[in-house]
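Take a look at the structure below.
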Amino acid sequence: MSEHASLSRTGLAATAFGVPSTGRKLVAAVSAFRGYPDPGEGLAERLVAGAFAALDQVPLEVRLYVHDLQDTAERWPALPITLPPTPWQAATLVDDLAALVRDLSAAELRVASECLALTRGDIALAHDKPVLAQIGAEDGEPLPDAAALPRNRRAREAALLQLFDDVHPREWTAEQTSAVRKALLVRLAGLGDALLRVSALPPAPLDWQGDSEGLTALVPVPGAPQPLEARVAAEASEPHPFSSWDEPMWGSSETAASHGCWRWTVGWRSADGAFHSDAGSNEASEAAARFGAEQTLAAYAAQASTVRQRLRRRLLVPRQPGTLSMSDPAVLVLGLRELLQAVCDEYRAETSRPEDATGWRVVPHQDEDKECSLVTILLDDCSLPHPELGDSANAADPSDPVFEDFLRSHAVVLTPPARTYLAGLSQAGPGELALSRRHEAAMRAVFAVGGEAAEQLTVETGPLPDRMAWIDLLDVAALEEFLTATEPDQPR
């Protein structure tokens with residue numbers, strides 16, 4: 001067993017935070033990670049430490065998703081319905097966390113809630129519908145359900161919270177006590193999620209550099225023209241529509257949890273220096289944002305040779321000329337049928353809005369205004385990269401080897417009919433022409449290739465229906481009919 005595997009969850013988290021594995025420093029570090037203030041010494045600290053001790057029973061090979069514990073606690077004692085399904089360990093652990101607060105008195109719940117900076121919203125959301133219904137309206141009828149008008153919901157929550165403002169804990173009803181207990185359970189579960197998240201992955205610290213816009217870190221990748229880049233910056237977050245919900249239920253505003261937002265993004269730059277984000281998320285603290293960015297960059301670097309940008313579909317590590325093989329795990333093959341389906345999609349959109357219809361050019365693939373050519377649109381519809389402004393292939397006709405070299409550098413291989421079709425789009429002529437004209441010219445180019453064109457077409461697109469001939473596919477409307485009639489069987 002490795003040294004890493006022999007450590008406890010709390011031990012791994014403590015190592016990541018650089019604090020002792022027992023005592024209040026770990027509690028404070030995890031609280032700050034979640035954007036909560038240090039609960040200080042006393043009951044609240046002991047509850048959090050008890051929750052962490054319960055989490056040590058989770059084997060390291062068991063991976064719980066972020067918020068699994070909190071989502072389960074919010075529905076406790078019922079189980080949440082989630083996709084993917086919540087692991088059984090989450091429900092078991094929430095039972096253990098519930099045991100920590102089950103026997104607390106109302107006065108103890110009040111003290112722990114103040115130290116853990118529970119907000120008015122935390123308390124309000126912890127009430128289930130039966131509790132809310134007991135508050136009632138002036139005429140003795142239950143208040144409306146949560147799906148009712150906002151003004152009714154505001155009135156309901158205001159009435160609920162006023163009870164806690166005016167009543168001493170010794171006078172709480174059983175329902176009020178249960179609500180505070182539930183809110184405390186949810187907070188412990190949220191802190192537990194943070195501990196599990198940090199303990200599940202080894203530290204991957206980066207050399208963060210700060211400026212007026214936030215933090216930036218770079219990770220060079222062998223073979224990549226640009227390093228991976230991570231950014232972390234503070235963002236303003238929208239206040240809750242019920243502004244009082246963000247206020248602490250008890251205690252002063254100085255002890256309130258942080259309601260700011262930290263955004264991390266990961267990506268890499270193009271040749272013109274523009275940063276293209278590939279992944280990102282909002283976090284409750286700067287530490288959590290750095291952690292998310294660091295773990296994402298570590299995962300990208302570990303599989304750098306096959307990483308593609310989510311939107312631009314370009315490889316992080318382009319292939320050098322003459323090095324691409326079909327055994328490359330990053331290879332994507334573009335066939336004629338997929339191209340023709342993209343043509344039909346564009347034709348359908350064009351005919352549905354004839355007032356917006358414009359002609360289509362073949363090159364350049366992207367102009368100074370970021371307007372795209374027909375080739376670019378088709379490749380994008382097929383979820384494939386395309387030449388952009390600044391690329392040597394941006395002005396290359398699809399028949400030019402430079403164009404195919406660009407695709408192969410990003411591990412995209414064209415079948416012969418697909419290559420011929422793309423090259424044939426320009427045979428309709430220069431300038432901006434109707435999609436139907438460019439499609440007809442491209443299909444004629446496909447039909448003109450050798451005596452085995454029909455057999456190859458059948459392999460690429462499927463057989464023709466009895467009532468059709470290949471020449472019919474020069475018409476885009478007939479092409480759409482053909483593709484619909486020969487749609488591959490969907491898995492059942």
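For LEU228, the amide hydrogen comes within under 5 Å of the amide hydrogens of VAL219, VAL221, counting only partners 5 or more places away or on other chains and with H modelled in the peptide plane.
Backbone geometry of region 193-201 corresponds, through the Karplus equation with coefficients 6.51, -1.76 and 1.60 at θ = phi - 60°, to 3J(HN,Hα) couplings of 4, 5, 4, 5, 4, 5, 6, 6, 10 Hz, x marking Gly and Pro. The H on the amide N of VAL412, modeled in the peptide plane, is under 5 Å from the matching H of LEU332, each at least 5 residues off or on a different chain. Amide H contacts under 5 Å for GLY462: none, restricted to partners 5 or more places along the chain or on a different chain, H placed in the peptide plane at 1.01 Å from N. To the nearest 10, the accessible area of ASP103 is 130 Å² with a 1.4 Å probe. Over region 361-492, the pair-distance histogram of Cα-Cα distances with 10 Å bins from zero comes to 12, 40, 34, 13, 1 percent, rounded to whole numbers.
From the Cα trace of region 357-407, what convex hull volume per residue do you get, rounded to a whole Å³?
Working: hull volume 3.7 nm³, N = 51.
Hull volume over Cα atoms, normalised by residue count, gives 73 Å³.
Tell me, in nm to one decimal, what length is gained between ASN282 and ARG444 on full extension, where the rule is 0.36 nm per residue of separation less the Cα-Cα distance? Write out the running numbers ahead of the final one.
Working: separation 162, 0.36 × 162 = 58.32 nm, distance 5.12 nm.
Result: 53.2 nm gained on full extension.
On the beta carbon distance between ASP400 and ALA234, with R0 = 35 Å, the FRET formula returns roughly 0.15. A simple packing score, the average count of other Cβ atoms within 10 Å per residue, orders the peptides 413-423, 267-277, 462-472, 396-406 as 413-423, 396-406, 267-277, 462-472, with the highest score first. Sequence-ordered 3J(HN,Hα) estimates for region 327-332 from the Karplus curve with 6.51, -1.76 and 1.60 and θ = phi - 60° stand at 7, 4, x, 8, 4, 10 Hz, glycine and proline given as x.
Rank these by accessible area, largest first, 1.4 Å probe: SER426, SER212, SER373.
On the way: SER426 35, SER212 125, SER373 0 Å².
Largest to smallest exposure gives the sequence SER212, SER426, SER373.
Calculated FRET efficiency, ARG467 to ARG437, Cβ-Cβ distance, R0 = 25 Å: about 0.50 to the nearest 0.05.
Annotation for region 10-65 versus region 329-354: alpha-carbon center distance of 52 Å. In order along region 266-275, phi translates into HN-Hα couplings of 10, x, 8, 8, 8, 4, 7, x, 6, 7 Hz, rounded to whole numbers, per the Karplus curve 6.51 cos²θ - 1.76 cosθ + 1.60 with θ = phi - 60° and x for Gly and Pro. On the basis of the beta-carbon distance and an R0 of 30 Å, LEU201 and SER244 show a calculated FRET efficiency of 0.20. Put a dot 7 Å past each Cα toward the Cβ at GLN209 and GLN162; how far apart are the dots in nm? Taking the two extended label points, one gets 5.8 nm.
Using a 1.4 angstrom probe on the protein heavy atoms only, could you order LEU43, LEU315 from most to least accessible area?
Details: LEU43 35, LEU315 5 Å².
From most accessible down to least: LEU43, LEU315.
Taking 0.36 nm per residue of separation and subtracting the Cα-Cα distance, full extension of the segment from ALA485 to THR15 would add 163.1 nm.
Working with all protein chains in place, sort TRP208, TRP76 by solvent-accessible area computed with a 1.4 Å probe, largest first.
Numbers: TRP208 45, TRP76 70 Å².
The ranking, largest first, comes out as TRP76, TRP208.
The values are calculated or read from the model by the stated rules, or taken from the named source; none is laboratory data. All values derive from a computational prediction rather than experimental measurement. Virtual Cβ from ideal backbone geometry, glycine too; neighbours counted across all protein chains shown. Side chains included, ligands, DNA and RNA excluded: accessible areas come from the protein's heavy atoms. Shrake-Rupley method; radii C 1.70, N 1.55, O 1.52, S 1.80 Å.
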